[in-house]
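Comments concern the structure below.
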Amino acid sequence: MITHFCELAAHRNYVLALYRHSLRNVSRINSGFVKHKMKKVITNEARKHKNDKSSWSIYRRLKELKLLSDKLEDDQVNDAYNLLDSFMKSVKKPKNELKGHLMKIRTEIETNKNIQDKTRLTRLNLLHRYIAKKQQNQLLTKHIPDEYKEKLLLPLALHEKGILRLAAIRNQFKKGGYHAKLSFTMAGKTRIWFIRSMLNKRKKQSLRLRNLITSEKRRYLEVCKIVESLNENANWALHEAIWERYLDDGYLHATSSKGYLKMVEIEDNSVKLQNQNDSKVVKCQRLQQWLSPIQSSILSLENYLNQRQMKYAKLKTKILEPKGVYDYYQKKSKRVFQNHMKTYKRMVKNELPFVNPFIERLSIGSILKRNGINVKY
């Protein structure tokens, strides 16, 4: 009797592999809403047709799932999202104009057609997480009309986010004022010193400093390439010297290159070429003749790295001088902290008592933005 396809191990392995591969591709999507929607649809359809005995139906489902997975793998999120309609048995159409508008915004952002609506998508993702959390705690019903989501729950979600932002600001003020600190980054073994403060962090960092750090790291990479080349040349030079010594007097050094020459390496900010204390090697003019140019190059590299290190050591001393760069940023940071503290106290006294999440100009987000506080929604 012919075995049904659902009992074949090859079929089960293929379906399971395709299912897992599709979920991995879904995880690459940036939008939280689209990612959740696709995972939900794929999982529900897989469970629904788990016991389906119709070969034609299963073939059609697997073919559609394979196409959906290929679209996601090629970063064609918009096409993959449109395939969900054909993948589902029953397509739920937008109940009103509002839902259709929200879906249009999400699709445009996924295809990079309208980047200005990124804030809108951020709010929708925030609303989605808010509703999911409340439903998990059984504080909201499973089915909520779209009008309630937009007009009632979205302001509450933004209000909750604003409260968390206020708490973070309050905790920051409790820790004390802003402080400048001396920091460094490594370019090999060289420390590049600079000042960190809230005045020059992230995008406010000096373009000159960024270029300086980048150029120093590139220089160090060039030194590493030169050292690698010297290491290779030293190995060849040693073998050439041994061969010429053999041609001169018939004496053959019965050793490998590592016996006479350690690898060229960067250690404690210095490049070293060390010969083994072997009298036969030291007295051999051929070896000295071949290895001396390499040793000269290594000494030049060592001097170069020492000069870079001394340069930034002097820079550190200059930064820490009285009335120098460090003192300037320290005073500036204290002044900015005092101004922020005054603004915060004025905001708490005059504006926060009248917060209303359902009125845009009285919401916490609007109040924070009016007072110059960054809000990412």
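The values are calculated or read from the model by the stated rules, or taken from the named source; none is laboratory data. What you see is a predicted model; the values in this text were computed from it and never measured. Positions of Cβ are generated from backbone atoms using ideal geometry, with glycine treated the same way; all protein chains shown enter the neighbour counts.
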Subject >> Residue check, residue 336 farther than 24 Å from residue 191 by Cβ, in the same structural domain as residue 161 (by TED's automatic domain parsing), touching a residue at least 24 places away in the same chain (Cβ under 8 Å) and among the hydrophobic types (A, V, I, L, M, F, W, C) >> reply: yes
### Query
Does residue 353 fit the bill of being in a helix (DSSP H, G or I), out of contact with any Phe, Trp or Tyr (no Cβ under 6 Å at 6 or more places or on another chain) and closer than 29 Å to residue 168 by Cβ?
yes
task: Would you be able to say whether some residue in region 207-214 is touching a residue at least 60 places away in the same chain (Cβ under 8 Å) and within 30 Å of residue 371 (Cβ to Cβ)?
output: no
Subset of region 188-210, residues surrounded by 13 or more Cβ atoms within 10 Å (Cβ to Cβ) and part of a loop (DSSP other than H, G, I, E, B), comes to 188, 189, 197, 198, 199, 200, 205
### Query
Would it be correct to say that residue 162 is touching a Lys or Arg at 6+ places or on another chain (Cβ under 7 Å) and in contact (Cβ under 8 Å) with a residue 12 or more places away in the chain?
no
(request) Tell me, yes or no, whether region 164-187 has at least one residue that is part of a helix (DSSP H, G or I), in the same structural domain as residue 359 (by TED's automatic domain parsing), of a type in the set (D, E, K, R) and surrounded by 12 or more Cβ atoms within 10 Å (Cβ to Cβ). (result) yes
With the first residue restricted to region 73-84 and required to be over 11 Å from residue 28 (Cα atoms) and in the same structural domain as residue 25 (by TED's automatic domain parsing), and the second required to be in a loop (DSSP other than H, G, I, E, B) and not charged (D, E, K, R), Cβ contacts under 8 Å at 6 or more apart or on different chains are 78/111
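Results for (1) part of a helix (DSSP H, G or I); (2) more than 35 Å from the chain's Cα centre (by Cα), shown as yes or no for each residue.
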site: 337; (1), (2): yes, no
site: 342; (1), (2): yes, yes
site: 345; (1), (2): yes, yes
site: 357; (1), (2): no, no
Scanning region 1-19 for residues that are surrounded by fewer than 11 Cβ atoms within 10 Å (Cβ to Cβ) and without any contact (Cβ under 8 Å) to a residue 12 or more places away in the chain gives 1, 2, 3, 7, 9, 10, 13, 17
### Message
Condition first: among the basic types (Lys, Arg), surrounded by 12 or more Cβ atoms within 10 Å (Cβ to Cβ) and in a helix (DSSP H, G or I). Can you find one or more residues in region 211-226 that meet it?
### Response
yes
Within region 53-72, the residues that are over 15 Å from residue 20 (Cα atoms), touching a residue at least 40 places away in the same chain (Cβ under 8 Å) and either outside the structural domain of residue 19 (by TED's automatic domain parsing) or part of a helix (DSSP H, G or I) (or both) are 55, 58
If we ask which residues in region 323-337 are at pLDDT 90 or above and loosely packed, with under 11 Cβ neighbours inside 10 Å, their number turns out to be 0
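For every residue, the table says whether it meets (1) closer than 25 Å to residue 125 by Cβ; (2) in the same structural domain as residue 70 (by TED's automatic domain parsing); (3) assigned to a helix (DSSP H, G or I); (4) not hydroxyl-bearing (Ser, Thr, Tyr).
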residue	(1), (2), (3), (4)
15	no, yes, yes, yes
37	yes, yes, yes, yes
43	yes, yes, yes, no
47	no, yes, yes, yes
51	no, yes, no, yes
